[in-house]
Amino acid sequence: MTLTDTQVTELARRLDEAQVARADIPSLADSVEFDVHDAYRIQFTLTALRVARGERITGVKLGFTSKAKMVQMGVSEVIVGHLTTAMLIPVDGVADLSRFIHPKVEPEIAYRLASDVDGTTPIESCVDAVAPAIEIIDSRYRDFRFTHADVVADNTSAAGYALGPWQPIGDVRDRAVRLRAGAEHAIGTTSAILGDPALALTALAGVARRRGIPLRAGYTVLAGAATAAIPLVAGAVDCRIEGVGSVSFTGRNR
Ligand code: OOG
Ligand code: MG
């Protein structure tokens, strides 16, 4: 830990203003030295600013759980961010592209927590449902250029998410995944998520314990992208996961 509380607040404000103004900023690590522990302090302060504006935390998301993402971003550790009510795109709804800087989409598996994860029971037994999901990521950093600590501070680029219908929990290993956004698409399999998306839950429990992140009943957990991200443009966006279901929304310039 190297930053004072005043520095943490100042850096969280910089990221918050970038998100609100849709104006990207240079990597924080270019001008300040801070570690991943400090980065989570910045993220918690950033999330608190959103909560103070009336948003509610709806869950958490993992990042860099797939080899493709690690290679794409040049990072090698699982990261955790927070989801809020303002990020949820309604079923078959519209994502207003003017809310973002340079958004991309990723196909994901979502889990639902039926009870608080308090360390007395394994996280797997706290989960009661699974759903297909699309995550919108929108780094507040110029050109998505960031360090590991930077991306944690920036709430792991979290910007939006859409959920398909919840299904009873079951094995979702090795399922074909297809994401389409405009003319581009990404194809992969759920095995890209740590070999088995359920392992993302175990990874989450470890990070949450080490970093002091509460995991509450009702939370949505995004297990991380199954493919590299593709640009979010105007038009239909849909994601289909074999045996799990599909989810879609429309990107629109208002
Ligand atoms: C960070 C977010 C990564 C995932 O699923 O791996 C992520 C980024 O790529 O900007 O959400
Ligand atoms: Mg993601």
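Quick notes on this one:
- Residues being crowded, with 18+ Cβ neighbours inside 10 Å and among the charged types (D, E, K, R) - total across the range 118-142: 3
- Whenever a residue of the range 134-157 is within 15 Å of T84 (Cβ to Cβ), its partners that are among the aromatic types (F, W, Y) and within 13 Å of ligand 2 (Cβ to nearest atom), lying with C-beta atoms within less than 7 angstrom and at least six residues away or across chains, give the pairs E135/Y161; I136/Y161.
- Among the residues of the range 110-117, at least one is aromatic (F, W, Y), surrounded by 24 or more Cβ atoms within 10 Å (Cβ to Cβ), modelled with pLDDT of 95 or more and within 16 Å of ligand 1 (Cβ to nearest atom).
So that you can scan it fast, the table gives a plain yes or no per residue for (1) touching a helix residue (DSSP H, G or I) at 6+ places or on another chain (Cβ under 6 Å); (2) aliphatic (A, V, I, L, M):
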| position | (1), (2) |
| --- | --- |
| G195 | no, no |
| L199 | no, yes |
| V221 | no, yes |
| A225 | yes, yes |
| V237 | no, yes |
| G245 | no, no |
| G251 | yes, no |
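- Condition check for V60: in a loop (DSSP other than H, G, I, E, B), touching a residue at least 40 places away in the same chain (Cβ under 8 Å), at negative phi and touching a Phe, Trp or Tyr at 6+ places or on another chain (Cβ under 9 Å): no
- Selection count where residues are more than 16 Å from ligand 1 (Cβ to nearest atom), crowded, with 18+ Cβ neighbours inside 10 Å, hydrophobic (A, V, I, L, M, F, W, C) and more than 11 Å from V105 (Cβ to Cβ), scope the range 209-252: 2
- Among the residues making up the range 68-89, those that are away from ligand 2 (no atom under 14 Å from the Cβ) and at pLDDT below 95 are V71, G74, S76, E77.
- Residue match in the range 35-43 (condition: under 30 Å from G164 (Cβ atoms) and of a type in the set (A, V, I, L, M, F, W, C)): no
- Residues that are aliphatic (A, V, I, L, M) and farther than 18 Å from A229 by Cα, drawn from the range 57-82: I57, V60
- Taken over the range 34-47, residues that are assigned to a helix (DSSP H, G or I), in contact (Cβ under 8 Å) with a residue 12 or more places away in the chain and of a type in the set (A, V, I, L, M, F, W, C) amount to 4.
- Listed by first and then second residue, the pairs with beta-carbon distance under 6 Å, at least 6 apart or on different chains, first residue in the range 83-96 and in a helix (DSSP H, G or I), second modelled with pLDDT of 95 or more, are T85/E55; T85/R56; T85/T58; A86/E55; M87/G160; M87/Y161.
- R145 vs. criteria surrounded by fewer than 18 Cβ atoms within 10 Å (Cβ to Cβ) and either of a type in the set (D, E, K, R) or under 21 Å from A129 (Cβ atoms) (or both): yes
- Among the residues of the range 104-160, those identified as away from ligand 2 (no atom under 13 Å from the Cβ), among the hydrophobic types (A, V, I, L, M, F, W, C) and over 11 Å from the mean Cα position of the chain (by Cα) are L113, A114, V117, I123, C126, V127, A129, V130, A131, F146, A149, A153.
The values are calculated or read from the model by the stated rules, or taken from the named source; none is laboratory data. If you're wondering where the values come from, they're calculated on a predicted model, not measured in any experiment. Cβ coordinates were reconstructed from backbone atoms using ideal geometry, including for glycine residues, and neighbour counts include every protein chain displayed.
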